[in-house]
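In what follows, a single structure is set out as structure tokens and then discussed.
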Amino acid sequence: MIRFVATVAAVLALAGMLVVIVYLAQRRLLFPAPPGPHPRLSGDVELVRLEMPFGVVESLLLLPVEASPRPVPLLLFAHGNGELADYWVDEFGPPRASGWAVLLLEYPGYGRSAGRPSEDAVRAVASAAYEWARRDPRIDGRHIVAYGRSLGGAVAAGLAADRNLPGLILESAFTSVRPFAAQFYMPAFLVRDPFDTLEALSRYRGRLLVLHGSDDDIVPIAHGRTLAASVPGSSFCELACGHNDCPRSWDRIEPFLRQLVVP
């Protein structure tokens, strides 16, 4: 009996240790910030320094190709968890040529930015970026559209719901982190940063465009279909790609953006 109790106690202790390790290590897995050196920024990139309680987070502003005498609409872009805002500087030529500005959101602890990433910290930075854009006289605050890729989709969806944005674009986005944790038998209550995109969409009342690769083996396309189905009137586009090799679908995105801009 004593040996049995000791065995059970040892198993429970080991299980407890594993739970603690998983709980503490999960942010390193969720936020694998790329190491430096970072790409050299071109001259038309404007650094936006967002003052946060934990330090300065740098985001990147790209103005339209041609200067406008009037405030311009803005795409606020949130990237994936293994990327930097710097990587996306050259990806937004078409909307910039059409008169849109682009704000590339950076995450705490990524690139040149201070802090440590967590769901709360990333969402706080997204909110600060939105408030900065609203105050900038070059930006038309009525026409700010959130665009998120992969983990950035959850960030964009939360911002769109919280700020009642007119438009939201989700690319290769997941419903929540919890289903991925469940694949490793990790209880949902241990997920520190659930990034619940579905919950955000339940509060969202604007227009939604969902783009997802049919061959995505990281975030299966079922996630994208579920997200689109959760918002009445949304548009869903299946792409012939995986997760990290999808080209930007400007032929779908630009018509969506044009529908949102009201003179």
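The values are calculated or read from the model by the stated rules, or taken from the named source; none is laboratory data. Note that this is a predicted model, so its numbers are computed, not measured. Cβ atoms come from the backbone with ideal geometry, glycine included; neighbour counts cover every protein chain shown. Just the protein is used for accessible areas: all its heavy atoms, side chains included, with ligands, DNA and RNA removed. Shrake-Rupley method; radii C 1.70, N 1.55, O 1.52, S 1.80 Å.
Normalised by 2.2 N^0.38 Å, where N is the number of residues, the C-alpha radius of gyration of the chain stands at 1.10. Summing Cβ point charges (Lys, Arg +1; Asp, Glu -1) relative to the Cα centre of the chain gives a dipole of roughly 640 debye. The residues packed around residue 59, meaning those with a beta-carbon under 11 Å from its beta-carbon, carry a net charge of -2 if Lys and Arg are +1 and Asp and Glu are -1. Here segment 120-246 was treated as a single set of alpha-carbon atoms; its pair distances binned every 10 Å from 0 give 13, 43, 33, 10, 1 percent.
When the charge dipole of segment 151-239 is built from unit charges on Cβ atoms (+1 for Lys and Arg, -1 for Asp and Glu) and taken about the Cα centre, the candidate among 214, 182, 169 whose Cα reaches farthest toward its positive end is 169. Only protein atoms count toward the accessible area here, which uses a 1.4 Å probe; on the chain, the carbon and sulfur part of that area reaches 58 percent.
Measuring from each cysteine beta-carbon in the chain, the ones with no other cysteine beta-carbon under 4.7 angstrom are 237. Calculate how steeply helix 119-135 sits against the longest principal axis of the alpha-carbon atoms of the chain, using the helix alpha-carbon long axis, and give the answer as 0 to 90 degrees to the nearest 10. For 119-135 against the chain, the angle is about 10 degrees. Remark: C-alpha extents of segment 62-118 on the principal axes read 38, 19, 15 Å, sorted largest to smallest. Counting chymotrypsin sites (Phe, Trp or Tyr not before Pro) as exposed when in a DSSP loop with at most 12 other beta carbons within 10 Å, what is the longest stretch of the chain free of them? So the longest stretch without any such site is 1-183.
So what does log10 I(q)/I(0) come out to for segment 29-95 at q = 0.16, 0.24, 0.28 Å⁻¹, using the Debye formula with one equal point on every Cα and no solvent? For the requested q values the scattering log ratios are -0.68, -1.32, -1.49. Taking the longest Cα principal axis of the chain as reference, the axis of helix 151-163 is set at about 60 degrees. Kirkwood radius, segment 192-263, all distinct C-alpha pairs, inverse of mean reciprocal distance: 13.4 Å. Legend: calculated FRET efficiency, residue 192 to residue 252, from the Cβ-Cβ distance at R0 = 45 Å, rounded to 0.05, equals 0.85. Solvent-accessible area per residue in segment 61-155 equals 36 Å², computed with a 1.4 angstrom probe and all protein chains kept.
Using the alpha-carbon positions of segment 91-170, Rg (one decimal) and Dmax (whole number) come out as 12.6, 36 Å.
Of the trypsin sites (Lys or Arg not before Pro) found in segment 94-202, those that fall in a DSSP loop while having at most 16 other beta-carbon atoms within 10 Å are 112, 138, 192.
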